[in-house]
Amino acid sequence: MAPLFTVRIQLLLLQAVGFLIGLVGQAVRAFGGPRFSSRTTRPVTEPLLLLSGVQLAKLIRQRKVKCIDVVQAYINRIKDVNSMINGIVMYRFEAAKKEAHAVDKKLAENQEDEATLEKKWPFLGVPLTVKEAFQLKGMPNSSGLVSRRNAISKTDATVVALLKEAGAIPLGITNCSELCMWYESSNKIYGRSNNPYDLQRIVGGSSGGEGCTLAAACSVIGVGSDIGGSIRMPAFFNGIFGHKPSPGVVPNKGQFPMAMGAQEQFQCTGPMCRYAEDLAPMLRVMAGPGIKKLKLNDKVNLKDLKFYWMEHDGGSYLMSKVDQDLILAQKKVVAHLETMLGVSVQHVKLKQMKYSFQLWVTMMSAKGHDGKEPVKFVDLLGDHGKPIKPLWELIKWCLGLSVHTIPSIGLALLEEKLKYNYEKYRKFKAVEESLHKELTEMLGDDGIFLYPSHPTVAPKHHVPLTRPFNFAYTGIFNALGLPVTQCPLGLNAKGLPLGIQVVAGPFNDHLTLAVAQYLEKSFGGWVCPGKF
Ligand SMILES: *[C@@H]1O[C@H](CO)[C@@H](O)[C@H](O)[C@H]1NC(C)=O
Ligand SMILES: CC(=O)N[C@H]1CO[C@H](CO)[C@@H](O)[C@@H]1O
C-alpha cells in the first residue's frame, strides 16, 4: 500500500496548493477583473430564440419563417449578450447570413414536399455553434494553445461536416479550456467564459463556451466533446442538455487534441442543446453510419424500465460532498417517477464508485489496443516541438509570463506522479472491471441509473482549483464506457442550475434520451437566465 499512500498524500498536497492559488484568484477577482452592471445576462424577448432546432427547421421548411430572420435574431442576441459571457470567441456572421439567404432561395425554388425536405436536411437553416477544438473551415482549432492561434482550418471535422450537410448554419466557435483538460473554460487566447446565471461563476469545461452560449440563447444546437465530463459538466453548470454517447458511435475525427491510446475509447463527441427533443435528431446526424450501433428507432415505454438511484459516490476523500440542493432535486425526480409512472426506483450503493477518480486516471493512462501510449501532456503543451518544463512554466506563471494556464501547468507537474502505471495499479483495473460488471448487469438493456452530475452547483471562478477531482462524478462514466445524458432540473434558491446524470447500459442511448424528454416535460428543462 506504500505507493498508494504517497499518491494520496501528493493528491492532498495538490489540493492544498490549488486552494492557495484559488484564494489568490478570489482576491484578484475581488479587486480586479471585468465588472458587469447585472448579475446575469438579459432575458430573451425575441420569440424565435425560444424554439428548438427541430421546431425551427420545421417552420423554415414550411416557409412560415425565413431562415435569414432566424439567423439575424441569433446574431442580434449574440451582439447583445456575448460580451458578458464570452462564449463565442470567433464569429462568422457574414458567411452565416449568406448561407441563410441561400436556404431561403433554395426553398423558394424547391417544390419537394416537407417530408422529403426533412429527410434530406433535418436541420435546414438551424443556427449552430461549435467548440473551438473542432475544425470548422475558416476558423482556428487551437484548443486555447497560444502556439496554434493563427492556424486556420481548411476542412471541417466529421461531425461539423455532417451537421452542415444536414442544413445547419454555423454562427461561430466557442471557448474551451487549454487543451480541453480543465473544467473552467479559460485560456490565454480567448480569455475566460462566464456563467449566464451568475457572471461571477464558471461555465464548466472543457466545452464551456458551448454550454454558456446555448444557455444564454445565443445558439440553439452545439457540438461538444467529452473525455471526463467535458460535455456534461458545462451542460450541468449552464442548465442545458448534453449527451455523452456510447463510445465508438460518433466520429471524433477533426478535433485537437485527438485522444490516443486507451483514451480513444473515452473521448466521445456529442450534442449539446437547450431542448431535449433536439438530442436524438442531432445524434442521428452526428453519428453518420455509426447510428446503426444504437436503437434510436425503438419505442421506449418508460413504465417498463428499471430505475436506480445513488445520491453520492459513497465518500471519496478527494471529492466535495454533494450539495443538499442536488440531493433534494434527485429525490424529487425519484418521487416523481414513482408517483407519475408507477415504477419503483431502487436505491443502490455501488461501493466502488468512491474510486471514481482513481479509475479514471488508471484507464486514461493505459495503453491502447494497438499498444500506443497516450500522448504526454507536457508534449501536447509544448506542441510536439519540445515538451514544456512544468516547474519553469510555474515560475513564469507566477511572474505573469507564461502562455499557459495554471491548471495545465499543475497537470503537467503532476503528470508523472498521477500516472497510475499499469503494473503498480493493476488493482484499479480489477476494480474497474468489477464495477463495470456490476453496473452493466444491473442496467441490462432496460435500466436507468440516476447519479449527480457534479457534487456542487456552478462554483465561483477559480474555485475549481481547490476541487480538482470533482470532475470524477462525470469521468467515471467515460472510464466505464456508458452513455449518459445530463438533464437540467430547474434552478436553486440562488438562481443556479440544478441537474442530474441519466445513465444507461452500453448502446442504450435511446433510453437516456427518452428519460431526458420526460424530465424536461416534468421539471421544465432549460430556464432562461435573467428571469430570476
Ligand atoms: C485542428 O485539428 C486537426 C485534427 O485533429 C489537427 O490535425 C490540427 O493540427 C488542428 N489545428 C490546430 C491549429 O491545432
Ligand atoms: C474576454 C476576452 O478575452 N474575449 C476575447 C475572446 O476572443 C476574441 C477573439 O480572439 C477576443 O477579441 C476577445 O477579446
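Here are some notes:
- Listed peptides 94-102, 364-372 by packing density, highest first (mean Cβ within 10 Å): 94-102, 364-372
- Sorting 357, 241, 307 by the number of Cβ atoms found within 10 Å of their own Cβ, with the fewest placed first, yields 307, 357, 241.
- Of the peptides 178-185, 51-58, the ranking by mean beta-carbon count within 10 Å, highest at the top, reads 178-185, 51-58.
- Among 502-514, 77-89, 338-350, 115-127, the order from most to least packed when residues are scored by Cβ within 10 Å on average: 502-514, 77-89, 115-127, 338-350
- Cα gyration tensor category, rounded, prolate or oblate, for segment 296-407 with a/c compared to 1.5: prolate
- Helical segments meeting 30 Å axial Cα length and Kyte-Doolittle -1.0 threshold in the chain (DSSP H): 2-31
- Rg/Rg_globular for segment 99-227, with Rg_globular taken as 2.2 N^0.38 Å and Rg from C-alpha atoms: 1.17
- Sequence-separation-based contact order of segment 377-532, relative, with Cα cut under 8 Å and 6+ spacing, percent: 18
- Beta bridges assigned by DSSP with both partners in the chain are antiparallel in approximately 65 percent of cases.
- DSSP beta bridge pairing in segment 201-348, given as percent antiparallel to the nearest 5: 75
- Cα centre as origin, Lys/Arg/Asp/Glu Cβ charges: the chain dipole, Debye: 840
- Cα-based shape type of segment 206-315, given that a ≥ b ≥ c are square roots of the gyration tensor eigenvalues and the cut on a/c is 1.5: rounded
- The separation of segment 200-238 from segment 456-532, counted between C-alpha centres, amounts to 11 Å.
- Take every pair of alpha-carbon atoms less than 8 Å apart whose residues are at least six positions apart; their mean separation over the length of segment 74-171 yields a relative contact order of 31 percent.
- Three-way shape label, segment 385-497, alpha-carbon gyration tensor, a/c 1.5: oblate
- Alpha-carbon centroids, segment 425-442 and segment 293-308: separation in whole Å: 24
- Residue-averaged [θ]222 nm for the chain, counting only DSSP H segments that reach four residues, each worth -39500 (n - 2.57): -12000 deg cm²/dmol
- Considering only segment 101-231, percent of DSSP beta bridges that pair antiparallel, nearest 5: 35
- Whole-number percent relative contact order across the chain, with pairs defined as alpha carbons under 8 Å at least 6 apart: 18
- Length gained when the stretch residue 417-residue 348 is fully extended (0.36 nm per residue, less Cα-Cα span): 21.5 nm
Readers should treat all values here as calculations from the given coordinates under stated rules, not as data from a laboratory. Given the structure is predicted, the values throughout are model-derived calculations rather than measurements. Every residue, glycine as well, gets a Cβ built from its backbone with ideal geometry; the counts of neighbours run over all protein chains shown.
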